[in-house]
Each structure stands twice: as C-alpha cells, then as structure tokens.
There are 2 protein chains.
Amino acid sequence: MTKKFVIIGGDAAGMSAASKIRRMQPESEVIVFEKGPHISFAACGMPYWIGGVIEDGRKLQVLTPEIARDKRNLDVRIGHEVVKIDVSNKSIVVRDLDSGEKFNEAYDKLLIATGARAIVPPIPGVGYEGVFTLRSLADGHRIKNYIADHGISHATIIGGGHIGLEMAEAFRHLRIDVTMLVRGDQIAPSMDSDLLDQLTEHVLENGVDLQLRTGVESIHRLDQGLLVRASSGDVKTDIVLVSTGVEPNSELAIEAGIEVGNSGAIIINKHMQTSVENIYASGDCAEHNHRVLDESMWIPMATSANKGGRIAGENMAGGHANFPGILGTAVTKVFDFTIAQTGLTEKQAERMGTLSNIETTTIIGGNRAHYYPGSQPMTVKLVVDKISKRLLGAQMIGKSDVAKRLDVFATAITAKMSVEDISMLDLTYAPPISPVYDPILVAANVANK
Amino acid sequence: MTKKFVIIGGDAAGMSAASKIRRMQPESEVIVFEKGPHISFAACGMPYWIGGVIEDGRKLQVLTPEIARDKRNLDVRIGHEVVKIDVSNKSIVVRDLDSGEKFNEAYDKLLIATGARAIVPPIPGVGYEGVFTLRSLADGHRIKNYIADHGISHATIIGGGHIGLEMAEAFRHLRIDVTMLVRGDQIAPSMDSDLLDQLTEHVLENGVDLQLRTGVESIHRLDQGLLVRASSGDVKTDIVLVSTGVEPNSELAIEAGIEVGNSGAIIINKHMQTSVENIYASGDCAEHNHRVLDESMWIPMATSANKGGRIAGENMAGGHANFPGILGTAVTKVFDFTIAQTGLTEKQAERMGTLSNIETTTIIGGNRAHYYPGSQPMTVKLVVDKISKRLLGAQMIGKSDVAKRLDVFATAITAKMSVEDISMLDLTYAPPISPVYDPILVAANVANK
C-alpha cells in the first residue's frame with residue numbers, strides 16, 4: 001500500500017525527509033508545504049553573502065521548488081501555511097497565502113519541520129524600517145537590499161551570539177562601522193567566558209565598538225537613520241540587526257496536543273516520533289537527545305536538521321533508523337579567529353548544578369611544529385568527569401586548524417573515551433601539520449594528570 | 001631503594017623515557033648513552049631546514065646534552081656506543097668513541113631506544129661523495145653543507161616514499177632540478193595506488209622528473225658531479241639522495257637473545273617490556289601493537305616513539321602504564337597537497353589475504369561549503385569490514401584541511417566505530433569550515449549503504 005506523506009516546512013529537515021521518502025518509495029505521494037517563498041537554502045551562508053564574500057546569492061539556494069518537483073518528483077507547495085493539525089482525522093488545514101483560501105489535506109505520516117524563528121524582543125521601535133532580524137532567506141534579501149539602497153555607514157547589532165559575530169564581520173567587510181550591544185558580560189554566550197579574552201580583543205581590534213552589559217531601551221527614527229537608546233548611551237546608526245536568539249516554531253504542535261519540552265520545542269524519540277502517533281518532528285523545531293547528558297535538549301543546528309530529517313524520512317517510509325543524538329557541536333569564524341565547542345561547557349555544568357562532578361583543563365598548543373613557519377597558537381579547554389576521567393566537553397579557539405581538531409574531541413566524547421584514551425590516540429604528525437604532541441594530545445595528557 | 005636506569009639511545013624515545021623516570025624518581029641515577037653527537041632532535045623537520053623553509057637549524061634541536069644534564073639532571077653521554085648487552089650480569093659494554101676505550105655499566109632497568117637507520121642498497125658507487133641518506137641530524141648537516149659548498153643544479157632522489165617526496169619539495173624550493181627514480185609503480189608506497197593520480201600529476205607539475213618502475217644500476221663519478229645509471233637511462237646529477245626506507249637498529253638486542261619480529265624490530269608487550277626481564281624497548285627499533293590488526297607490527301613513527309618512550313620510562317620507574325598501540329597514522333605534505341592515512345589500506349588487506357573481508361568506498365568532498373570561496377576538493381577512501389561495517393582504515397588526499405579530518409577517522413577506528421556510527425557524529429559545520437555534510441560524514445554515509 002502506498003502511503004501519503006505530508007511534510008510541514010521545506011527547509012533542511014523537511015526536504016531531507018522528503019528526498020529520503022522519495023528514494024525509498026518512488027511511487028508514494030509526498031507533499032511539502034512551505035509558508036515562505038524558498039525551500040532548502042543555506043541559512044548559514046547568509047552573513048557571507050550579505051558581506052560580499054559570496055558574490056552569487058543564488059548559490060545559497062540548495063534546491064528550488066522547481067527542481068524538487070521536476071528532478072525529485074516532490075510535490076512542493078511554497079506560499080502554503082499549515083494552520084492546524086487535526087490529529088483525530090489525520091489531516092491538516094492549509095492556507096494558500098496567495099489566494100487566502102483554506103483546504104484540508106489528509107496524511108498517513110506527517111512530519112513537522114517548521115524550524116525556528118528569530119526572537120524579537122519587546123523593544124519600542126523594533127518594528128521600524130531599517131530594523132531587521134536574520135533568519136530566512138527573505139530576511140537576507142531585505143538586509144542586502146537595504147544596504148544597497150541606503151547610504152549605510154554605521155550598523156548596530158543587538159546581541160553577541162554566533163549570528164551577531166558573523167554579521168559584525170560581514171558589515172566590517174563592507175567597511176561599515178559596527179556597534180555591538182550585548183546585554184550579558186560576554187560575546188559567544190554558549191562558550192565559557194575564561195576562553196574569550198583574546199576573541200573580545202580581536203573583535204575590538206577589527207573595529208567593532210563592543211559594549212557589554214548593555215541593555216537596549218528603545219529605537220527611534222531620525223530624519224536620517226535611526227537612534228538606538230542603550231543603557232550605555234545613544235547610538236546613531238543606519239541599520240539595526242536584532243540578533244538575540246531564536247525560538248521554536250512549535251505552536252502548531254502544541255495546539256495539536258503534541259508534547260513539547262521546557263524549551264518549547266517538540267519532544268521526539270530516537271525514531272524522530274512525537275508523542276502523537278504517525279507524527280514525526282525534525283530540525284530546529286525539535287529537541288534532540290544530548291549524548292553527554294542523555295537528556296532531551298533544544299540546540300537547533302543545521303547539521304542535526306539534515307541528519308534528523310533524513311532519519312525521520314526513513315522511518316516514515318517504513319524504516320527503523322535511530323538518531324543517536326547531538327553534542328551541541330558548533331563552530332564560528334570571527335574575523336581571523338575560529339571558535340568551536342562540543343559537549344558540556346563548565347558554564348552548563350554550573351547551571352545544571354553538576355559543577356562539583358567535573359574538572360577542567362586549559363592548555364595552549366600550536367597548530368604546527370613550533371619551528372615551522374606560521375605556527376599559530378590555539379587554546380583548548382576540556383571538561384572532564386572527575387571520577388571516570390571521561391571527556392564531557394571541549395572548547396577551542398585559535399586562528400588556524402581549530403575546527404577539525406575539535407571534531408576529534410566530538411568523536412572521542414561520542415565514544416565515551418577517557419582523557420587517557422585520548423592521550424594515546426595515534427594522530428597525524430608532520431611539521432607543517434602539527435606538533436609531535438598535537439594540542440589534542442597535550443590537553444588530554446594534562447587533563448589526565 | 002633507588003635504582004639505576006640505563007638508556008641506549010638519546011632521541012625521542014630514549015629522552016622521553018629518561019625525562020619521565022627523572023620526574024618519578026628525582027633521586028635515581030639515569031644514564032643515557034648516545035652514539036651520535038646529538039640527542040632529541042626533530043628529524044621530521046630536516047627536509048624543511050635543508051629546503052630553507054626553516055631558517056634556523058638550531059630550532060630542530062629539541063634538547064641539547066647540556067640542557068638535559070643541567071635542567072633535567074640526566075647523565076647524557078654523547079659519543080658513546082653501546083656494543084653489548086650482558087643479560088646475565090645486568091650490565092652493558094660501552095665504547096667511548098672519542099678515546100676508543102670500553103667500559104662496563106651495570107643497570108637495574110635498561111631501555112633499548114636505538115632507533116632505525118636508512119637502508120643503503122647495494123648499488124655500486126653508493127659510497128661516493130655526494131651520495132647521501134637522510135636520517136640523523138648529522139646527515140642533515142652534511143647535505144645542507146654539500147648544497148652550500150657545491151654548485152648544485154640537479155638532484156636525484158632514489159625512492160618515492162615520504163622522505164623522498166619531502167626532499168623533492170625541499171630541492172625544488174631551492175630551485176634545484178629533481179629526478180626521482182622509483183623502483184615500484186607508485187610514489188607514496190604505503191597508500192593505495194588508486195588515490196594517487198592527482199598527486200603524481202602534481203609532483204610532475206612541480207618540476208619533478210618522476211620515473212616510475214625504474215631501477216638504479218650504479219652510480220659513477222664524473223669530472224663534475226655524478227652519473228646515475230638507471231634502467232630508464234643515465235641521469236647526470238650533482239647530488240644523490242638514497243631514500244629507500246629504513247631498518248631497525250636491533251643487532252644489539254638480537255645478540256643479547258631478545259626476541260624480534262619478522263621485521264627485525266624488537267617485540268614488546270603493552271608495558272614496553274622485551275622478552276628479557278628488566279629490559280624495555282621503545283621507538284623506531286621496536287614493533288608495536290597494531291590496534292586494527294591486533295598484531296605486532298613495525299611502523300616506525302616519531303609519535304609512537306614519544307608516547308611509547310614516556311610509557312617505558314613510567315613502567316621502568318615502577319608504574320603500570322599501557323601503550324595501547326598504533327594505527328600507522330601518517331601524513332605528508334607534498335607541495336600543495338597533503339596525503340594522510342590511518343589503519344588498514346586495501347593494499348595491506350590484499351597482502352594479508354583478507355581482501356575478501358573488506359569493502360572500500362571512495363568519495364570526493366569539499367573542505368568548505370561549495371558556495372564559500374576557496375573551497376578545495378579532497379578525496380576520502382575508507383576500508384570497512386564487510387560484515388560488521390566497522391571502519392578499519394582511512395586515506396585522504398587534498399590541498400586543504402585534510403590531516404585533522406583524518407584524525408577523526410583515527411579516533412573512530414580506535415573506538416571501533418561502524419560507518420553508521422561515524423555518519424551520525426555531531427561535527428563542526430560553518431560555511432568557511434566545512435560543508436553541512438562534512439566529507440567525513442559523506443564518506444561514512446556512502447560506505448554505510
């Protein structure tokens with residue numbers, strides 16, 4: 001019996017699932033409803049496109065609705081918003097945003113892949129022209145056009161997270177002055193603050209007027225441009241990017257009685273099933289199992305959307321695949337620096353009340369043999385279980401060859417390795433590539449003492 | 001009771017052991033006998049020093065005898081050759097190469113860390129001035145001086161292994177023409193040949209006259225320079241580097257009745273103990289447990305000499321540390337390319353008669369998101385157990401960000417991960433760093449099908 005598969009959301013998770021179902025069941029009906037005008041785009045590439053590093057924005061479009069229809073035989077309907085899930089009738093209510101008309105669509109298996117949206121804080125004036133968030137490709141187009149159409153010489157970024165930092169670099173690349181207003185006392189808030197002195201310095205050196213511990217009270221229109229009233233004073237500016245985090249698009253699921261976590265994101269099991277039969281969820285709207293904590297956590301990432309979407313698709317089409325979970329692995333280029341993390345941070349342990357169970361080690365190592373020209377230092381911080389000496393988390397910061405070294409730690413954490421196990425790994429060594437004791441091994445050795 | 005520790009060989013393994021013993025037993029007697037004039041030098045850096053990439057050769061000296069004596073309180077005696085181990089009397093016979101005098105030295109615990117030496121094939125004329133091998137720091141000095149003192153415009157390298165390739169690059173960096181004569185049908189003989197087309201092309205493009213399937217019959221002196229008579233014809237040249245592999249310095253051990261393997265290298269257990277009580281071995285003179293094959297194998301590497309030496313020292317000083325073994329992980333920069341391998345190759349499986357137990361996967365992936373400028377392709381080949389789908393080996397080649405990706409595979413092999421496990425790793429992703437599906441994940445996904 002061929003089944004009818006309906007997918008809500010046409011980005012990474014939704015399209016990965018749709019494509020997988022199509023490969024497994026060439027004859028089945030697969031419908032993807034996408035509210036916006038685009039599907040499957042490389043959101044993470046937008047800062048580089050806005051900043052002019054990537055010249056052709058069309059390259060960010062991984063898949064167009066036309067190609068999805070013609071090449072993959074997927075019934076993709078953009079401009080269609082799903083407004084209700086009717087669990088008892090196994091159907092959904094869809095609104096065609098062009099015509100405004102609503103219709104019902106039945107499903108055998110449903111995937112919720114509605115993603116997340118930028119948080120818009122309740123700052124007076126946040127709705128003015130020239131104030132943006134960056135989440136959808138349409139957001140990217142709007143910002144890009146606004147910069148092109150207006151004489152932008154100054155930008156204000158509210159928030160110091162990964163997107164804020166990438167956009168600071170993008171604006172600087174366009175020779176636009178940047179003020180960054182951060183409520184907390186550090187940039188890169190997902191990382192431990194003791195690692196960030198160099199990065200903060202580097203951001204300042206790159207001409208970003210960084211103001212920490214600074215709240216934004218209101219935004220005002222001027223004859224020309226905008227005025228941001230911050231706790232540290234007024235900032236005259238031409239464009240404002242609000243980059244204060246994201247929240248899951250889970251209202252549809254909540255209204256249908258599907259279980260969500262404290263984060264508001266949908267709770268799923270390892271098969272990507274929600275609490276309601278025949279309904280799956282994947283991507284930024286869903287929590288995933290954190291492999292270190294063995295708890296459901298919401299850490300939205302493109303990587304888990306892609307992997308999880310594919311697994312949801314496989315299981316919807318009759319497979320039995322498991323998604324083992326996430327480590328919260330993340331990396332960001334910040335001007336010349338790369339910052340990366342995986343697993344547990346010290347800060348997280350503190351928040352969870354498990355600080356007494358861990359110990360930390362921080363070392364500095366080189367990316368090459370010390371005598372080889374161009375060797376760059378990197379800082380490695382490990383979070384280790386005090387009793388078992390198992391690695392629970394790693395953070396790294398440096399100018400070169402940081403990210404894929406962090407991946408060794410991500411792999412080691414997944415394998416539940418102790419720091420002694422890691423210190424005995426047989427890793428690549430050649431003077432242009434690594435010191436004979438790679439920083440990975442040095443960190444593990446020191447943590448093992 | 002303080003013990004007397006004697007170490008034969010003052011390079012990476014010997015000095016790692018000596019330093020570890022000193023830290024654990026500050027009062028004990030630790031004597032290191034080194035035949036040559038140097039201890040603990042960065043052998044792997046020599047091609048870059050000869051080629052002028054590293055300007056100051058003193059930087060290759062990790063430790064001098066003076067510093068070892070003054071700072072680490074180690075009794076290091078250079079110019080002292082150990083000529084006999086007297087197992088029954090727990091003593092050795094040492095010859096002072098300056099005076100020619102011999103003396104006995106008793107030991108409680110002895111470490112053999114005699115390393116390996118370059119193979120000198122029985123080619124007529126191989127002893128002429130201008131014909132070199134490159135193994136010791138003294139070799140490096142001799143080559144460096146010869147190049148400086150003579151008008152070198154052409155070099156001939158016999159052998160296409162890692163040292164030969166690094167020296168080809170070094171000579172080219174000095175604008176010296178290079179002919180490379182290789183008996184076999186591929187360069188980088190430890191890797192699978194199907195990966196090497198690009199590399200071979202690249203070596204040719206960099207001005208190396210590479211001649212495969214070419215034997216060398218004899219070397220002759222000319223009025224000016226040398227003539228190499230090869231099966232492919234005569235090569236007029238100014239300097240010859242014989243780089244046809246290494247063999248273990250294990251004669252001392254063999255004469256003492258210590259067990260060696262088929263390779264001729266010393267067999268040790270996980271505690272670095274030889275077959276004779278109170279005698280340990282470490283470094284390039286010893287075999288190590290291969291973690292994939294669970295067999296004793298001789299793959300001499302600086303990394304295992306450093307790690308194993310430290311563990312030998314710990315156990316000699318009363319500790320109980322294990323050296324879990326090696327994967328044969330190796331990396332070489334070859335002009336703009338990096339080649340790297342870990343674990344089993346297809347060629348090894350063939351040689352061992354286990355080819356029917358494995359399957360291989362080869363993919364090409366990018367080091368960055370395809371739309372991010374400067375993305376470079378890399379080739380990944382995996383060797384996988386057919387039944388268990390466990391990863392047994394990985395090889396990579398590409399221009400950027402290859403080596404530390406290979407280390408993820410080395411870590412995964414160590415953890416006995418299946419390709420499915422690897423495909424689910426939560427690895428770093430950001431457009432300047434990686435595609436959303438890193439080549440690591442792509443290779444694992446394809447291998448998992």
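Bear in mind that the values in this text are calculations on the coordinates, not laboratory data. What you see is a predicted model; the values in this text were computed from it and never measured. Glycine gets a Cβ as well: all are built from the backbone with ideal geometry, and neighbour counts include every protein chain shown.
Some notes on this structure:
The rows are residues; the columns are (1) surrounded by 13 or more Cβ atoms within 10 Å (Cβ to Cβ); (2) touching a Leu at 6+ places or on another chain (Cβ under 6 Å); (3) among the small types (G, A, S).
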| residue | (1), (2), (3) |
| --- | --- |
| B:A68 | yes, yes, yes |
| B:G79 | yes, yes, yes |
| B:N104 | no, no, no |
| B:K109 | yes, no, no |
| B:R117 | yes, no, no |
| B:P124 | no, no, no |
| B:Y128 | no, no, no |
| B:I143 | yes, no, no |
| B:Y146 | yes, no, no |
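- Selection within the range B:44-59 - surrounded by fewer than 22 Cβ atoms within 10 Å (Cβ to Cβ), within 11 Å of chain A (Cβ to nearest Cβ) and touching a residue at least 24 places away in the same chain (Cβ under 8 Å): B:G52, B:V53, B:G57
- The lone exception for A:S434 - which of (1) in contact with a Phe, Trp or Tyr (Cβ under 6 Å, 6 or more places away or on another chain); (2) touching a residue at least 60 places away in the same chain (Cβ under 8 Å); (3) small (G, A, S) it fails: (1)
- For the range B:410-420, the set of residues classified as out of contact with any helix residue (DSSP H, G or I) (no Cβ under 6 Å at 6 or more places or on another chain) and in contact (Cβ under 8 Å) with a residue 12 or more places away in the chain consists of B:A410, B:I413, B:T414, B:K416, B:M417, B:S418, B:E420, listed by residue number.
- Within the range A:401-422, the only residue that satisfies the criterion of being in a helix (DSSP H, G or I), facing another protein chain (nearest Cβ under 8 Å) and surrounded by fewer than 24 Cβ atoms within 10 Å (Cβ to Cβ) is A:D421.
- The residues in the range B:314-342 that are more than 8 Å from chain A (Cβ to nearest Cβ) and touching a Phe, Trp or Tyr at 6+ places or on another chain (Cβ under 8 Å) can be counted, and the count is 3.
- All positions within the range A:416-449 that are among the charged types (D, E, K, R) and closer than 17 Å to B:A340 by Cβ: A:D426, A:D438
- Cross-chain or 6+ apart pairs with Cβ under 6 Å, the range B:216-229 first and in contact (Cβ under 8 Å) with a residue 12 or more places away in the chain, then of a type in the set (G, A, S): B:V216/B:A230; B:S218/B:G125; B:I219/B:G125; B:H220/B:G125; B:L226/B:G130; B:R229/B:S218
- Selection of the range A:264-278 for residues being assigned to a loop (DSSP other than H, G, I, E, B) and under 22 Å from the mean Cα position of the chain (by Cα) yields A:G264, A:A265, A:I267, A:I268, A:N269, A:K270, A:H271, A:M272, A:T274.
- The sole residue among A:I311, A:I279 that is in contact (Cβ under 8 Å) with a residue 40 or more places away in the chain, more than 14 Å from every other protein chain (Cβ to nearest Cβ) and farther than 28 Å from A:G164 by Cβ is A:I279.
- Against the conditions (1) within 11 Å of another protein chain (Cβ to nearest Cβ); (2) touching a residue at least 12 places away in the same chain (Cβ under 8 Å); (3) more than 17 Å from B:I413 (Cα to Cα), A:A443 satisfies every one except (1).
- Number of residues in the range B:1-28 that are hydroxyl-bearing (S, T, Y) and more than 13 Å from B:R310 (Cβ to Cβ): the value is 2.
- The listed residue being β-branched (V, I, T), out of contact with any helix residue (DSSP H, G or I) (no Cβ under 9 Å at 6 or more places or on another chain) and surrounded by 15 or more Cβ atoms within 10 Å (Cβ to Cβ), out of B:V203, B:V228, B:V182, B:V208: B:V228
- Take the conditions (1) within 12 Å of chain B (Cβ to nearest Cβ); (2) more than 30 Å from A:E166 (Cα to Cα); A:R69 misses just one of them, which is (1).
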